Amino acid sequence: MSKITPLLISIVALAFGIFTFFYLKNSSELVYVDINRLLDGYKRTAIVKKEFETKANTLKANADSLLTDWQNELKNYEKERSSMSKKELELKQELLSNKQQQINSYQQAVQKQIQQEDQKITQTVVNDINDFVKEYGEQKGYRIIFGATGGGTIMYAQEGSDLTDEVLEELNAQFTGK
């Protein structure tokens, strides 16, 4: 019985060692996703971007319309100014100047609103992707999933470490309900 015990302990230790090796190898595997490719390939990004561009174009068109009206008033002023009295000239110049300032302020407000909307929708899409990747990592048992950008945060990775295509496929499937 004393000969069996060291053999049994050796077998158990070997089995434990093999199990630990494969478990640690799989659970500590370092993987990453290319954030830019996820953003570009995510179907929701294109939809949200198109909606944003429509809204931004409408806002810009309103500002352009006001500017065109002001320019037409300025042309009319230039034509009629020779027939105006000094008081009328002063009033018209003040009116045109005030209107120009209002248009400039409106254009700046529109530009600020467009920038804020762009940041908001981008952050919404990024949050969707981050939430999905977190859930994906938990389901697949990854300890860490790095996010790589085109700026070189991942300089080298072995083949098979890039999960971008796999994550993108499942992300789009979830978005489209498939």
Of Lys49/Lys178; Lys49/Lys134; Lys49/Lys99, those spanning more than 28 Å from alpha-carbon to alpha-carbon: Lys49/Lys99
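Kindly state, to the nearest 0.05, the FRET efficiency for Leu96 paired with Asn57, given R0 = 30 Å and r defined as their beta-carbon distance. Spell out each step's value before the answer.
Details: r = 27 Å, r/R0 = 0.91.
Using R0 = 30 Å, I get an efficiency of 0.65.
Summing +1 for each Lys or Arg and -1 for each Asp or Glu, what net charge is found among the other residues whose Cβ lies under 10 Å from the Cβ of Lys92? Intermediate results must be reported in sequence, preceding the final value.
Numbers: positive: Arg81, Lys87; negative: Glu73, Glu80, Glu88, Glu90, Glu94.
Net charge around Lys92: -3.
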Inter-label distance, nm, simple model (7 Å from Cα along the C-beta direction), Ser105/Tyr156: 6.0
Share of carbon and sulfur in the accessible heavy-atom surface of the range 115-178 [1.4 Å probe, %]: 45
Where the Cα pairs of the range 38-119 fall when distances are cut into 5 Å bins, in %: 3, 13, 17, 15, 12, 10, 9, 7, 6, 4, 3, 2, 1, 0
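Figure the gain on full extension for Gln113 and Lys75 (residue separation times 0.36 nm, minus the Cα-Cα span) and round it to one decimal in nm. Spell out each step's value before the answer.
Numbers: separation 38, 0.36 × 38 = 13.68 nm, distance 3.04 nm.
Full extension from Gln113 to Lys75 adds 10.6 nm.
Once a ≥ b ≥ c are taken as the square roots of the eigenvalues of the Cα gyration tensor of the range 110-155, is the result rounded (a/c under 1.5), prolate (a/b larger than b/c) or oblate (a/b not larger than b/c)? Present the calculation step by step, with values, prior to reporting the outcome.
Values: a/c = 6.71, a/b = 1.83, b/c = 3.66.
Note, shape of the range 110-155 comes out oblate.
For the range 85-178, what does the convex hull of the Cα positions come to per residue, in cubic angstrom? Could you put the intermediate results ahead of the total?
Details: hull volume 14.4 nm³, N = 94.
Taking only Cα atoms, the range 85-178 has a hull volume of 153 Å³ per residue.
The values are calculated or read from the model by the stated rules, or taken from the named source; none is laboratory data. All values reported here derive from a predicted model rather than from experimental measurement. In this analysis, Cβ positions are derived from the backbone assuming ideal geometry, glycine residues included, and neighbour counts consider all displayed protein chains. Just the protein is used for accessible areas: all its heavy atoms, side chains included, with ligands, DNA and RNA removed. Shrake-Rupley method; radii C 1.70, N 1.55, O 1.52, S 1.80 Å.
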